[in-house]
Amino acid sequence: MLKGIHPVLNADVLYALRAMGHGDDLIIADTNFPSDSVARETVLGHVLRIDLPAAEVVRAVLSVYPIDTFVDDAAARMEVVGEPDTILPVMNEVQAEVDAVGGPTMIGVERFDFYDRAKKAYAVIQTHERRFYGCFAFRKGVIPPDEG
């Protein structure tokens with residue numbers, strides 16, 4: 001346990017988040033997402049796990065992870081198949097966590113386009129989220145230098 005670091009952020013997750021650079025994508029996926037097979041194609045090469053609901057995982061991650069401010073697609077959600085404008089409760093919960101850190105409104109990404117984005121990501125964190133469409137992508141931003 002470390003002071004100031006959310007206790008659900010295990011060593012493997014912290015390593016991946018720290019190793020990522022500006023512009024790298026992080027996928028936070030529900031339990032039904034093909035996380036293991038997709039993660040094998042990512043930079044990290046294996047799936048990470050935090051067995052909590054998606055919004056709790058996003059809250060923990062965003063406590064240490066800056067969201068990119070230079071692109072329009074820095075925060076994204078997987079769209080509901082055939083209903084791209086539908087916003088499900090899990091999506092609202094995650095958007096509230098993004099809002100809490102001053103992040104952007106998440107854009108929708110079609111299911112198979114989301115899979116493609118996930119395969120190009122740095123890492124995939126599989127959650128214990130059992131609600132459908134609890135899959136999100138966050139592009140890493142920068143931490144500015146201290147003033148002085």
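Taking segment 13-30 as the range and being assigned to a strand (DSSP E or B) and over 16 Å from Ile50 (Cβ atoms) as the test, only Asp25 passes.
Candidates in segment 126-140 are the residues that are closer than 12 Å to Pro89 by Cα and among the aromatic types (Phe, Trp, Tyr); of these, the one that is surrounded by the most Cβ atoms within 10 Å (Cβ to Cβ) is Tyr133. Would you check if there is a residue in segment 114-127 being farther than 16 Å from Leu26 by Cβ, in contact (Cβ under 8 Å) with a residue 40 or more places away in the chain and of a type outside the set (S, T, N, Q)? Within segment 114-127, none of the residues are farther than 16 Å from Leu26 by Cβ, in contact (Cβ under 8 Å) with a residue 40 or more places away in the chain and of a type outside the set (S, T, N, Q).
Report whether or not Phe33 is out of contact with any Phe, Trp or Tyr (no Cβ under 8 Å at 6 or more places or on another chain), part of a loop (DSSP other than H, G, I, E, B), touching a residue at least 60 places away in the same chain (Cβ under 8 Å) and more than 21 Å from Gly141 (Cα to Cα).
yes
Can we say Ala29 is over 16 Å from Phe114 (Cα atoms), surrounded by 13 or more Cβ atoms within 10 Å (Cβ to Cβ), at pLDDT 95 or above and in contact with a Ser or Thr (Cβ under 6 Å, 6 or more places away or on another chain)?
Taking the combined requirement at face value, the residue does not satisfy it.
The values are calculated or read from the model by the stated rules, or taken from the named source; none is laboratory data. Note that this is a predicted model, so its numbers are computed, not measured. Glycine also receives a Cβ, built like all others from the backbone with ideal geometry; neighbour counts cover every protein chain displayed.
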